[in-house]
Amino acid sequence: MPDDAATFTQKSGTKLGYTAAKQPSMVPGRRDFFTYRDLGAKDASGGAMRAQVTKAKTGMTQPTGWHYHVCESQFVYVLNGWVELEFETGEMLRCEKGDSVFIPGGLKHNELRTSDDFEIIEVSTPGEIGTVACEKPAHLG
């Protein structure tokens with residue numbers, strides 16, 4: 001039986017990545033009411049993905065406004081607290097501790113509110129992600 005590690009070919013531009021909780025790498029982010037901790041995936045993956053911990057400074061009480069992200073996808077796992085989201089598909093979600101959501105790139109959505117202790121891990125592909133403000137989809141009224 002072959003050794004999987006021996007037969008695996010490392011993708012060009014990737015390397016081992018590591019970050020330490022005791023020395024977090026805080027980075028600027030999309031929203032000034034959140035803090036963002038880089039988890040080193042963008043550098044280690046050669047830009048193929050981004051991973052970060054997003055944490056509320058205080059609970060968000062005003063919606064972010066309708067927007068979408070220029071990326072292939074986002075995956076969000078809630079570590080603590082909750083966030084309420086609405087999507088152009090009509091779904092309204094309250095994601096709580098232990099919940100996850102996969103958001104395809106380009107899917108219009110609006111973050112409505114968060115708890116004071118809101119904290120998530122967010123992974124996106126590729127590593128660069130853009131945010132584009134847009135109007136509320138007309139079919140949602």
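The values are calculated or read from the model by the stated rules, or taken from the named source; none is laboratory data. Predicted model only: the values in this text are computed from it and were never measured. Quick reminder, even Gly has a Cβ in these numbers, built from the backbone with ideal geometry, and neighbours come from all protein chains shown.
I'd like the full set of residues that are more than 15 Å from the chain's Cα centre (by Cα) and hydrophobic (A, V, I, L, M, F, W, C), limited to the range 102-131.
Scanning the range 102-131 gives a single hit, Leu112.
For the range 27-37, give me the residue count where each residue is within 13 Å of Asp117 (Cα to Cα), modelled with pLDDT under 95 and within 14 Å of the chain's Cα centre (by Cα).
Total meeting the criteria: 1.
Considering only residues of the range 109-133 that are in contact with a strand residue (DSSP E or B) (Cβ under 6 Å, 6 or more places away or on another chain) and farther than 19 Å from Met60 by Cα, which is surrounded by the most Cβ atoms within 10 Å (Cβ to Cβ)?
The qualifying residue surrounded by the most Cβ atoms within 10 Å (Cβ to Cβ) is Ser124.
So, in the range 38-61, exactly how many residues are within 17 Å of Ile129 (Cβ to Cβ), hydrophobic (A, V, I, L, M, F, W, C) and over 15 Å from the mean Cα position of the chain (by Cα)?
Going through the range 38-61 one residue at a time, the tally reaches 1.
Please pick out the residue among Thr64, Thr35 that is outside any loop (DSSP other than H, G, I, E, B), β-branched (Val, Ile, Thr) and within 22 Å of Ala133 (Cα to Cα).
Checking each option against the conditions leaves just Thr35.
Among the residues of the range 43-52, write down those that are outside any strand (DSSP E or B) and either touching an Asp or Glu at 6+ places or on another chain (Cβ under 8 Å) or among the polar types (S, T, N, Q) (or both).
Selection gives Ser45, Gly47.
Only one of Gly90, Gly98 is surrounded by fewer than 17 Cβ atoms within 10 Å (Cβ to Cβ), in contact (Cβ under 8 Å) with a residue 40 or more places away in the chain and assigned to a loop (DSSP other than H, G, I, E, B); which?
None of the others qualify; the one that does is Gly90.
Out of everything in the range 86-108 that is touching a strand residue (DSSP E or B) at 6+ places or on another chain (Cβ under 6 Å) and β-branched (Val, Ile, Thr), what residue ends up being nearest to Tyr68 (Cα to Cα)?
Filtering the range 86-108 for residues that are touching a strand residue (DSSP E or B) at 6+ places or on another chain (Cβ under 6 Å) and β-branched (Val, Ile, Thr), the one nearest to Tyr68 (Cα to Cα) comes out as Ile103.
Pick out the one residue from Ile121, Ile129, Ile103 that is closer than 20 Å to Gln52 by Cβ and modelled with pLDDT under 95.
After ruling out the rest, the residue left standing is Ile129.
For the range 71-87, indicate whether the set of residues that are in a loop (DSSP other than H, G, I, E, B), crowded, with 17+ Cβ neighbours inside 10 Å and without any contact (Cβ under 8 Å) to a residue 40 or more places away in the chain is non-empty.
yes
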